[in-house]
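The values are calculated or read from the model by the stated rules, or taken from the named source; none is laboratory data. Here the structure is a predicted model, which is why all the values come from computation and not from measurement. Positions of Cβ are generated from backbone atoms using ideal geometry, with glycine treated the same way; all protein chains shown enter the neighbour counts.
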Amino acid sequence: MSQNKRTPVLKVAALIAASLVLANAPSAHAKKLLIVTDEPGAKKSLLIKNKIMTMQPFASLSESEFKVEIKQLDKRSPQVECKPRFIKYNDAEIQSLDYYAKQNGITMSEADKAKYRKGYSIDRLVECDKAAIARIGAQFQADQLLFVHNSINQGGSGGDIPIILSGSIPGVGVHEWLHTFGLADEYAYQNPQEATVYCIDRHWVNVAIFNDQPPYRNSDDVRVRHHAQIPWLDSIPKNTKLVTGEKLGTPAPDSIGIFPAITCSQLKNVKAWKSTREETIMQNTYSSYLPKAYWAPILRELGVSEKRVQKLLATAVARPGMAGPM
């Protein structure tokens, strides 16, 4: 799903104020994800909660470390207004997109430019009143928020407050929530312009975007040359090979290494890399798999102590898995 073109700049004063209240809520409690929904019965929210709490590393956390609660809005609750996202670029932004597109052999037509200049709506990407959601979160002392909007449509977006449509499978909600920890999409962007936006000068927890420079003498050569570009490099066991012949890449299906990612495959001059061969939930929302290479930054963001983080990394098992629609 879309990453909301990353966390947007918060332009609404009320949202800024509400977010400050949320950030300063009392911290003498487990980190809390509050799922707010206007779906009658909150069925999808319950399924999202269940998927999170049965996935590693969340399944190994106690209630004193992390918990998920649900707040269903009713007629007496403050209402949250939602509408399809409206996308519009100014001339400078269009010029920048056009430049990077040409660098990657992509032609942006005049019709494309006119569409971006005029603006257009995307039904699967819904904009909701985040100020209202933030105020609800502050009221219930939430540390993180996810809003499930009642809709027959499928879709979602990440950002400061992830939003999904209740017509989506539960994995979409988890996927969008995980964007708040700095995880990027691992599926291939189908739209060349979208790939241009997300694959240029970006840094993520789980996806490294850079062009390799063979030949490589050995794995130590890789570590020296790309240490600043691969966030999970220090998590790869020292005996894991990082080269195949003289090219970058782990040859064996190790649980963690350096593997080509399809994220930026639309761009012929940009390469992406990830830590595992397995399909994770960031690539396929039916999956329930998060590689251990992603755990540490997520757990630290949740306030888990470093000692506990290291214990979980050493003992808990990250099981690759595909879960059907729920």
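Here are some notes:
- Close pairs (7 angstrom Cβ cut-off, 6 or more residues apart or separate chains): modelled with pLDDT under 85 in the range 182-209, assigned to a loop (DSSP other than H, G, I, E, B) and of a type in the set (K, R) anywhere: V197/K5
- Some residue of the range 287-306 being over 19 Å from L183 (Cα atoms) and either crowded, with 21+ Cβ neighbours inside 10 Å or of a type in the set (D, E, K, R) (or both): yes
- So V148, is it assigned by TED's automatic domain parsing to the domain that holds T250 and among the β-branched types (V, I, T): no
- Qualifying residue in the range 42-50 (condition: under 19 Å from the mean Cα position of the chain (by Cα), closer than 13 Å to L146 by Cβ and without any contact (Cβ under 8 Å) to a residue 40 or more places away in the chain): yes
- When the strands (runs of 3 or more DSSP E) confined to the range 106-165 are screened for residues that are surrounded by fewer than 17 Cβ atoms within 10 Å (Cβ to Cβ), among the hydrophobic types (A, V, I, L, M, F, W, C) and in contact with a Phe, Trp or Tyr (Cβ under 9 Å, 6 or more places away or on another chain), those reaching at least 1 such residues are found at 120-128.
- If you go through the range 216-238 and keep only what is in a loop (DSSP other than H, G, I, E, B), closer than 23 Å to L183 by Cα and out of contact with any helix residue (DSSP H, G or I) (no Cβ under 7 Å at 6 or more places or on another chain), you end up with A228, Q229, I230, P231, I236, P237.
- Residues satisfying the stated conditions in the range 112-152, i.e. of a type in the set (D, E, K, R), under 21 Å from the mean Cα position of the chain (by Cα) and farther than 16 Å from K44 by Cβ: D123, E127, D129, K130, D143
- Filter result for the condition that a residue is closer than 28 Å to S265 by Cβ and charged (D, E, K, R), over D185, D143: D185
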